Structures are given as C-alpha cells and as structure tokens.
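Each remark here refers to the structure printed beneath this line.
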Amino acid sequence: MLKFVKIAVIAALFAALPVAAVTPSPAMIAQFQNLSPAEQQRLAKQYGIELPAGSSGSSTSQQAQPEVLAPQQVSATKERVRTALPVAPAATSGRFGMSMFNADVSTFAPIDNAPVAENYRLGPDDIVLLQLFGKQNSSEELKVSRNGTVSLPEIGPVNVNGLTVVQASDLIVNKVREAMIGVDAVVTMGKLRTINIFVAGEARTPGMFAVSALTNVTQALYVAGGVSEIGSLRDIQVKRNGETVAHFDLYNLLLRGDNSGDIQLKHGDVVFVAPLKATVQATGEVKRPAIYEIKSGETIDNLLSMVGGTKAGAYPQSVVLERFDSNNLRNLLNLDLTNAVNKQMSLRDGDVLTVSATSPRIEHQVTLVGAVVRPGQYSWQQGLRINDLIKSFWADLHMTADLDYALIVRETNDAGDVKVLQFALANAVNQPQSTDNIELKPRDLVLVFNYAEQAVNRTALNDYLRKEVQKRYNTSDEMRWAASEDLSSVGFNNLVQDNENRMARRASLGATDVIAGQKIVDAQLYDSQPKRAMFDQTVVGVSVGESALPDIMQQVMLKLYYDKELLNLSASFNRTELMFPLIEKLKMQARNGASPLLVRVSGEVKVPGEYPLVEGANLKHLITAASGLTESAYLGRAELTRAEGINSNSNSIEVRNIAVNLETAFSGSEVFSLQSRDRLNIFPIPDWNIERAIEIRGEVKFPGRYTIQRGEMLSDVIERAGGLSRSAFMQGVVYTRESVKERERLQLKKLTEQLRADIATKSLSEDGIKTSPQDAMLMINQLESQPPIGRLVLDVPAILAGDISADIPVEDGDLFYIPRTDYTVSVVGEVQHASSHRFKDNMTVEDYLNLAGGLRKRADEDRIYVIKANGSVVIPSAKGWFAVKTSQLEPGDAIIVPVDTEYKDSLGLWATVTQIFYQSAVALAALNSF
C-alpha cells in the first residue's frame, strides 16, 4: 500500500509540471521514492504550486529598454558667451583638468546679480541705489563719477572713491540724516562697473577682456576659452602694476576644493598662464587614469593622491615605472608601492606609472559547475568535501542532475595540467563516509552533469548567445539566421565540425611535407583562415554574422568554467557541451608524443562520445559516464579496440580488438582497466528493432502496417494481410524500397552532373546548342527536384503461385500497394492530347496513338516504348510497334512518346531524362490514386 502511495505522489508531482519542463533523471526519481511520505507530500506541494509559474521556457528576465537621452538644452545666456569667443579645437590630450574648459559641457555664465562682498571698493561707473523714507519717500540711482563722487539730492556731491560698500553706506546715511531732518536712508549696490583685464601666456584665446568687477581668476580663464594644450594648469599668475600678486594652482581647486588662490581681479590686472613644464601619466588600476602636470619635487605618493588612489583590484606590489634615462632612452623600473621608500621617489617629466591588476584567480577556492541550483566559486577550507557543497538533492540540485556521474578536475602541477576524478554524486550526498565524498583541494573544479542530453532553461543560454552575436553584428540581414530556437546547439555543432575539419586538414599533410617543414606552415595557414569553410559567404551565401557563430561559441567554451555569467548558465549546457572544455584541455596537455587521457564509447549507450580517462577507470566507469546503456544493449558481448603501440617492422600502430562481457564487468567479477585511446563499442541485441515494419495498402483484406522479422518474405506478409481482394490488379502492383530510393538519388545526381558537362561541351562545339542555356538549366533543375520513387518491379502472380525465385525478402520501410483492376491504357508524351482510353483486345499501339490525336512534330517515332503496369519497360522489336499485335498491351499500361532528342539538341541524355520523368509520373499516379 505504501508503495502505491509513493507512486501516486510521484505521478502527481510530475504531472503538475508544465509540458515544457525537463524530465527528472531516473536517479532523482529513485531518491524521491526513498523519502518518507511526509517529505514526499511536502515536495509535491512545493513543486506542484511553484514550478509551473517558474518553469516556463520563456522565463528569462525582460531586457531593459535603452534610455533615450534628450539633447542638452543650452540657455541663451550661455550661448551668447560661447559665440562671443573664437572657436578653438577641444582638448584631446587626456590631461587632467582640461575638460573643465570644454565649451560643449561648460556651465559657466557671468553672473551680474551676485551678492557684493562688504569689502568691495567703489570706483567710477559703479551704481549706488539710495532709498529715502520718512518725511520724504523716494528712490535714487547714483552713479559714481570719474572723480569718485556721487551726487545726493538736496545735499550735493559726496566722495566715495576707494571706500568699501560698508564705508560708503555709512557715509551716505549719515549725510542724509544730518541734512534732511526726519528722513532716513538705505544704501545698496546696483550695477557694478566693468573692468578691463588682460589674459596672457598660454591661454586658448589671449587678449584684453571687459569683465564684471567681481570677476575672479577662474572666470577670466573661462572668458579666454581656458588653457591651451601647452599651458600650465598649476602655474597661473596674477600680475598687478608689474608685480606678481597671486599664484593660482587649479589642481588645488579640482582635487581639494581649495579656491583660496582664486582671487578677485582689479582693473588692469594681467592673468598670465605659464607654459607647461613636466607631465607624468598614470594608467592601469587607478581611480582616475590620466596625464598629470607635476611640480618640481613631487613624488609618486603625490601622484597617487592626484589619481584618487588605486582601485580595489590593483596589485601595488608590482608597479612599473617607465622613464627616460640619462641617454634619453626608455627604461623600466619595478616598484613595490607597499614600500614607503618607493612612494617617496621623485617624478620626472615623461614618467609613465602603470599599476597592474591583481590576478583574477583565487587561490583558495573551489568551483561548482553544471546542474546545481547555485553554481559558482566557493571558499576552500581544509577538510572541505563534496557533501559540504551539496547537502541536499532537492535544495542544491536541479531535477535533471545525474546522481551517478560527476567529476572533479584537479590541477597537478604549475603548468596547469589536470587529472580527473570520477565519483557517484548520490553516494557523496547520502553517505558522507563513502569514498565518493572526496576531500577537495584548492582550485578544484566540480562538474555536475544533467542526465543524458537534458538541459535546464535553454532559452536563457540562447538569449546570451544572441547578445554576444549582436555585439559584432546587429543588422537585420545578419541577425535573421540567429532566430533559431536552439542557437546554442547550432553553434556547438558548428564548433565541433570546425575542430574535426582542422584535424582532418592536418592529418592530410603527407610525410614529405613534414620533412620539408611544410606541415607546420600549412597548419598555421589553415588556422589563420576563417574557421568554417561551409560558412564562407562566397561559398554558400550565408550571412557574415552566421560565420562568426563558431568563433563566438569557442569563446563561450573557453570561459565556461570561470566566467560568472556563464557559471550561472552552466545548467543550460547538456552533457556533451559541459564536457567540451575539459576534453579540449586534456588534448592540449598531451605533449611530447603522449596520448591524451581520453577514451571513447559508441553504440548502445545514452550519450556516445569521448570522455576523460579517470584514475582507475574500468568499463563500468566509462558506461556510467555515457549515462548508462540503452535498453537494446547486448550485455553478453562488446568490443574494446586498443592501440598496443608502434610496430617497428610496418611502422604503424598495432591495434587489438578485445571481446568483453558487460555482465561480468557490472557485477564486479571481472575488472577490465582502461587505457588512453581505448574505444568501446556496445552492440545492440540481435533483431532488437521490433519497429521494423512494412506498409500494405490497397486491395488486400487487411491493409495496414505490419511488423516484420529479418528474412521474412513478401508472400508471408501478403498472407498475414488476408490475401488479395477480388478486385486486386496484380499486374499494377507498386512496391517501393528505401534502399532503392537512395540508389536512384545517387543516379539522379550523377546524371545531372553528366548533363551539365554535356551542355558545356555542346555549347563550345561548332554546331552549338539549339536550346537556350536557361531552358537547359531549367530541365536540370527539374531533374534535381524530381523525387526518387524507389520502385521494384515484381511478378506478383508468380509470387502468389509459390514461385520462390520471384519472391523477395521484405525490409523495414517497404511499401506494397496493389490497386483496383485498371481497364485503361494511357498515352503520354509528344502526342496531340495526352489521355487515357479503355483497353480493348483488338487495339494496337497505333490505334491508341490515333485516339490521342497522333504524334507531334518533335515526337521520336522510333523510340516509342511502353511502361507496363508493374513498372517494367517494353521496347519495340526490330519491326517497330506498328507490326505488334495486342499481346504486348495490357490494362494499366502507359504508351510513352518521347521527344526527338536529335530534333532538339543532339544530346543523347535528354532521352534518359524524359524517361525518368515519365516513369516517376506513372508510379506517383498509381500511388496517389488510392
């Protein structure tokens, strides 16, 4: 009863999954059955509710739409400032601070209504606003005259020249209070005077400028268009009356926010931009890579402060300083910036400081890849085992995970060579004390495969590949082919084919090429060519984007085991794809004539192919790697092919074929160890294919599809079908066979090639060709598109009469069609009216031709023939058809009048072509009549 409940829960669980969901592996089902009923109910509820909503094949996150940026709106004031200046090229040197004066992004605009500082001193042309209130209310606008006075109403001139705003305000208010009893006053500043300054030196547009009296050094530089390419940002001087009154370092403002040197200018001041002296460059893993201007005595520590320090991924222990030596030649210095002494090294003009990134490799890590819920990189600790990473089948693995086969890829030396360990994942999780729960080492790679050729969320992987293709090609014509539902499978198959083509190319180079050193040259030339000839646009006319797919897939495979995005998609790779980078790695590390640690299995296994040779591998390990045997596998005998070595006499590889018994291999009574390059072939059970069948149509008592055995005869199958009906037309049987179709297909291909050659030869002859090339090629195209029938001519009456010589053994895919009795004779070809007529005993071929209106002008009267109802062809005797009586005509026959090929082009093959057309038409007409 308990077993029945378990089975019911399992059925309910998996029935709740959507149709597009993957199928759980047999091992996962077995683990589910081993759970308690309570756990089974909990999981059934969990997956029954949540999975359908999240297992859709189109559950990938919606792609974010690119944000459309509106053009930057520039105010009319800013535009006036720009257009008032001469147009100069933007800075392109990459020097830090130069972008401050970029007119395209600058937000500088003169501000006339800014608050006036209390220490501002009045001068000619300043406007003072006077507000009177009390007994008298009025507003006055007072302009400072050239002699420095303002004229107060009812009071007279008052000298304010050189006074500060506060001093002038106090003076005017006191004057008003003294002279005007009961009246008070408020003094504010109006429009300020304009001063003339001169911007000189290495400014972009030096000259004299009329600016506001509140203008400071930076505003003056903006007005002059900034600093030129050879101007200094750190040595800007303000000269007044022939003396330097201020030095301004723009880096203090940009890097520290210190504007203490940005003084307010006075009338007649000169802003002088000194020439650029020394620069250094900081590149690599720094926060603000650029070219920096330096002053005398500044050090590497000062430069690091300018660049904002190093990035988190920088490696300060290995910094390279490039500088010119005393001979003006470039020299490199390796510095450790964790050493304070090195940071105090003085900089020179032209120095380039390169801070490299730290290694992307993590020393103490293990990587989990494949059919796991949370793939990625994990911290390694002493004593870490498989069970510490994967604790639960249901929480840590996908339902498609293969619990019998997983791998650990472990580095063995500093060269990066690896060895492979195989373990049973189910034992590692369920039995922590088992040998399968292997202790991990730093940098181990754990591969968990999907069962057989399953994969999880293939849509996400295909979307990733499309994005990779779009980075190179984004036009509709180039991307139309990328709409394939399973782009990853297409790309992987193309990649595998590329590798096979490359290996075949190298293997085809002869021994003489090796002696002459040509093999290496040819191989290099071959590898430099586009990787896939069949994707060459000039050869097959495919898009340029499609030709890049194998290269893109190659890059994906190279990054699969360490790229974080691909690690998250690793469950979307099937068994063969996830194994591919490891197989390639094992091939690459086989050096100096050593064989790669690979073995191959073919035949009756779930996933035939190449697999790593693990430590202590035997036949059971290899079959488990291939997801196990198929149900048709024959356990009694398999064949192992092994390369024993080189025969010194024949200078060739000695190969030995070993018969093995899989039953004893699985039981453990016989352990057969594997070696590199072993090939295991597992045979199917003899006559296992119970789907071998023949189809019988037409006039039999029980038409249908019949399963057949090897060697069964046609007469036996007809008898099983109840025999022929009374209306069966035995002479008109159509019997087709797939193997005959294939031979006809090859013959048609050969015939079309011969026709092309004949047309080319005839067109070059003196007589030429009467038919236009277009018509000739149309005939060839029709011939190529002609489907092969694969018809066998049978003597059914003899077969049913028990004639053993007429009977044939049936094959899988055969079609036996027997029509109803036909009482007509057809006339086709070069006659006035192709038609069918009722058969009469006393009518000859000539009579039927006359009924069809007679022959046309280009009919070939000497080559008229008859296609019998059973498919055979009867040709005329020496006396011709018109001396023949009715004994050669029967119901169901077709009289064929071919075209006169001599009349057409003197191409003898045209007769063969027309005969093929007519024979195919007769057979197809018979089949379609049912």
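Summary table
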{"item": "Checklist (1) modelled with pLDDT under 90; (2) under 25 Å from L487 (Cβ atoms); (3) more than 16 Å from the chain's Cα centre (by Cα) applied to P550, failing item", "result": "(3)"}
{"item": "From V355, V369, V429, V448, residue being within 30 Å of V319 (Cα to Cα) and surrounded by 20 or more Cβ atoms within 10 Å (Cβ to Cβ)", "result": "V355"}
{"item": "Close pairs (8 angstrom Cβ cut-off, 6 or more residues apart or separate chains): in the same structural domain as R856 (by TED's automatic domain parsing) in region 830-843, part of a loop (DSSP other than H, G, I, E, B) and of a type in the set (F, W, Y) anywhere", "result": "R838/Y823; F839/Y823"}
{"item": "Hits in region 82-116 (condition: modelled with pLDDT of 60 or more and in contact with a strand residue (DSSP E or B) (Cβ under 8 Å, 6 or more places away or on another chain))", "result": "G94, R95, F96, G97, M98, F101, D112, V116"}
{"item": "Boolean, Y405 is surrounded by 18 or more Cβ atoms within 10 Å (Cβ to Cβ) and at pLDDT below 95", "result": "no"}
{"item": "Total residues in region 221-248, condition assigned to a loop (DSSP other than H, G, I, E, B) and either in the same structural domain as V307 (by TED's automatic domain parsing) or closer than 15 Å to M98 by Cβ (or both)", "result": "6"}
{"item": "Residues satisfying the stated conditions in region 781-827, i.e. farther than 26 Å from Q747 by Cα, small (G, A, S) and not in a strand (DSSP E or B)", "result": "A798, A801, G802, S805"}
{"item": "Any hit, region 146-158, residues being out of contact with any helix residue (DSSP H, G or I) (no Cβ under 9 Å at 6 or more places or on another chain), in contact (Cβ under 8 Å) with a residue 24 or more places away in the chain and among the basic types (K, R)", "result": "no"}
{"item": "Filter pass, E712 being buried (at least 17 other Cβ atoms within 10 Å of the Cβ) and either touching a residue at least 24 places away in the same chain (Cβ under 8 Å) or within 47 Å of the chain's Cα centre (by Cα) (or both)", "result": "yes"}
{"item": "Test: residue in region 156-167 that is on the phi > 0 side of the Ramachandran plot, of a type in the set (G, A, S), surrounded by fewer than 17 Cβ atoms within 10 Å (Cβ to Cβ) and not assigned by TED's automatic domain parsing to the domain that holds Q264", "result": "yes"}
{"item": "Verdict on E811 being acidic (D, E), closer than 29 Å to V897 by Cα and in contact with a strand residue (DSSP E or B) (Cβ under 9 Å, 6 or more places away or on another chain)", "result": "no"}
{"item": "Candidate set: region 208-231, residues that are among the aliphatic types (A, V, I, L, M) and over 18 Å from Y251 (Cα atoms); chosen: the one surrounded by the fewest Cβ atoms within 10 Å (Cβ to Cβ)", "result": "A210"}
{"item": "Test: residue in region 704-717 that is at pLDDT 90 or above, part of a helix (DSSP H, G or I) and among the β-branched types (V, I, T)", "result": "yes"}
{"item": "Residue identified as part of a loop (DSSP other than H, G, I, E, B) and either more than 42 Å from the chain's Cα centre (by Cα) or at pLDDT below 95 (or both) among L333, L337", "result": "L337"}
{"item": "Region 372-386, residues that are farther than 14 Å from P442 by Cβ and crowded, with 18+ Cβ neighbours inside 10 Å", "result": "V372, P375, I386"}
{"item": "Test set (1) at pLDDT 90 or above; (2) in a helix (DSSP H, G or I); (3) in contact with a helix residue (DSSP H, G or I) (Cβ under 7 Å, 6 or more places away or on another chain) - P596 fails condition number", "result": "(2)"}
{"item": "Scope region 660-718; condition charged (D, E, K, R) and in contact with a Pro (Cβ under 9 Å, 6 or more places away or on another chain); matching residues", "result": "R677, E695, R697, E699, R710, E712"}
{"item": "Single condition N681 does not satisfy, out of (1) under 30 Å from E712 (Cβ atoms); (2) assigned to a helix (DSSP H, G or I); (3) not β-branched (V, I, T)", "result": "(2)"}
{"item": "Residue under evaluation N462, criteria (1) modelled with pLDDT of 85 or more; (2) in contact with a Lys or Arg (Cβ under 9 Å, 6 or more places away or on another chain); (3) surrounded by 15 or more Cβ atoms within 10 Å (Cβ to Cβ), criterion not met", "result": "(2)"}
{"item": "Test result for T149, farther than 30 Å from S260 by Cα and at pLDDT 90 or above", "result": "yes"}
{"item": "Condition met for V369 (within 30 Å of D388 (Cα to Cα), modelled with pLDDT of 95 or more and not assigned by TED's automatic domain parsing to the domain that holds D563)", "result": "yes"}
{"item": "Among (1) assigned by TED's automatic domain parsing to the domain that holds P797; (2) at pLDDT 95 or above - the single one N681 does not satisfy", "result": "(1)"}
{"item": "Residue tally, condition modelled with pLDDT of 90 or more and of a type in the set (D, E), over region 684-703", "result": "2"}
{"item": "Candidate set from region 474-508 (those that are of a type in the set (D, E) and modelled with pLDDT of 65 or more); member that is farthest from E577 (Cα to Cα)", "result": "E485"}
{"item": "Flag for F666 being in contact with a Phe, Trp or Tyr (Cβ under 6 Å, 6 or more places away or on another chain) and either in the same structural domain as S602 (by TED's automatic domain parsing) or surrounded by 17 or more Cβ atoms within 10 Å (Cβ to Cβ) (or both)", "result": "no"}
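Listed here are the residues, each with its yes/no results for (1) out of contact with any Phe, Trp or Tyr (no Cβ under 8 Å at 6 or more places or on another chain); (2) in a loop (DSSP other than H, G, I, E, B); (3) not assigned by TED's automatic domain parsing to the domain that holds N241.
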{"residue": "D258", "(1), (2), (3)": "yes, yes, no"}
{"residue": "D262", "(1), (2), (3)": "no, yes, no"}
{"residue": "H267", "(1), (2), (3)": "yes, yes, no"}
{"residue": "V271", "(1), (2), (3)": "no, no, no"}
{"residue": "T283", "(1), (2), (3)": "yes, no, yes"}
{"residue": "R288", "(1), (2), (3)": "no, yes, yes"}
{"residue": "E293", "(1), (2), (3)": "no, no, yes"}
{"residue": "S296", "(1), (2), (3)": "yes, yes, yes"}
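Let's see how each residue does on (1) touching a residue at least 12 places away in the same chain (Cβ under 8 Å); (2) surrounded by 18 or more Cβ atoms within 10 Å (Cβ to Cβ); (3) assigned by TED's automatic domain parsing to the domain that holds T821:
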{"site": "G704", "(1), (2), (3)": "yes, no, no"}
{"site": "G723", "(1), (2), (3)": "yes, no, no"}
{"site": "Q731", "(1), (2), (3)": "yes, yes, no"}
{"site": "L746", "(1), (2), (3)": "no, no, yes"}
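Yes or no, residue by residue, for (1) outside the structural domain of V227 (by TED's automatic domain parsing); (2) more than 30 Å from N137 (Cα to Cα); (3) in a strand (DSSP E or B):
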{"position": "S169", "(1), (2), (3)": "yes, no, no"}
{"position": "I172", "(1), (2), (3)": "yes, no, no"}
{"position": "R177", "(1), (2), (3)": "yes, no, no"}
{"position": "A185", "(1), (2), (3)": "yes, no, yes"}
{"position": "A200", "(1), (2), (3)": "no, yes, yes"}
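The values are calculated or read from the model by the stated rules, or taken from the named source; none is laboratory data. Please read these numbers as outputs of a predicted model, since none were measured by experiment. No Cβ is skipped: glycine too gets one built from the backbone with ideal geometry, and neighbour counts run over all protein chains shown.
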